[in-house]
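> Sharing a structure with you now.
The values are calculated or read from the model by the stated rules, or taken from the named source; none is laboratory data. Model, not experiment: these values are computed from the prediction. Cβ placement follows ideal geometry from the backbone for every residue including glycine, while neighbour counts extend to all protein chains displayed. The protein model used for the area step is the full one, side chains on, heavy atoms only, and it has no ligands, DNA or RNA in it. Shrake-Rupley method; radii C 1.70, N 1.55, O 1.52, S 1.80 Å.
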Amino acid sequence: MAWLQRMRRAEILRHPFPPEWREILARNVPAVAKLDAGERATLEDKVRIFLAEKNLEGCGGLELTDEMRVTIAAQACLLLLHLEGDAVFPTVESVLVYPSAYKAPQARRAGGVVLDDQARLGES
């Protein structure tokens, strides 16, 4: 990890995890209740880093709340809990959040190019 990124993360982690975020985790991420204290602390650190480094963007008119942002970050960071290193999805820059299913253009090539829309819901 680059020196500047380490310094930024140290500053992020210098501040305590907000109590209201802890309440959001308890309410929306049931797996948190099964974590030990060390795992919870690691998750909270990764959530703070995720939210500081990633752009979460509401699409289709969706206005993201802190509750949505923290819940999404926690669900994503649960996947990182027991992995080596301190990477927090290094190739992800943005997370697009839609209020419901949406249609995305899709190109199919079967004897030619056909453009049509494909319904999507819950994609990463």
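> Quick one: ranking LYS54, LYS103 by accessible area, 1.4 Å probe, largest first, what do you get?
Ranked list, largest accessible area first: LYS103, LYS54.
> Then there is this: What order do you get for 84-90, 21-27 when each peptide is scored by the mean count of other beta carbon atoms within 10 Å, highest first? Intermediate values should be presented prior to the final figure.
Working: 84-90: 12.6, 21-27: 16.3.
Per-residue Cβ counts within 10 Å, averaged per peptide and sorted highest first, yield 21-27, 84-90.
> Based on the Cβ-Cβ distance from TRP3 to VAL92, what FRET efficiency comes out when R0 is 25 Å, to the nearest 0.05?
Numbers: r = 22 Å, r/R0 = 0.86.
Result of the calculation: an efficiency of 0.70.
> Continuing with the same structure: Tell me whether the stretch 28-72 comes out rounded, prolate or oblate; compute the Cα gyration tensor, take square roots of the eigenvalues as a ≥ b ≥ c, and use a/c under 1.5 as the rounded threshold.
oblate
> With every atom except the alpha carbons ignored, what do you get for Rg and Dmax of the stretch 37-109, in angstroms?
Using the Cα atoms of the stretch 37-109, the pair Rg, Dmax is 14.5, 51 Å.
> Would you kindly find the accessible area of MET68, with a 1.4 Å probe and non-protein molecules such as ligands, DNA and RNA excluded, rounding to the nearest 10 Å²?
Accessible area, nearest 10 Å²: 70 Å².
> Here's another thing I want to ask about it. By how many nm would the segment from CYS59 to GLN106 lengthen if fully extended, with 0.36 nm per residue of separation less the alpha-carbon distance?
On the way: separation 47, 0.36 × 47 = 16.92 nm, distance 1.87 nm.
Extending this stretch completely gives an extra 15.1 nm.
> Label point 7 Å out from ASP66 along Cα-to-Cβ: which residues of the stretch 9-25 have amide N under 11 Å?
Counting backbone N atoms under 11 Å from the label point, the list is 18-24.
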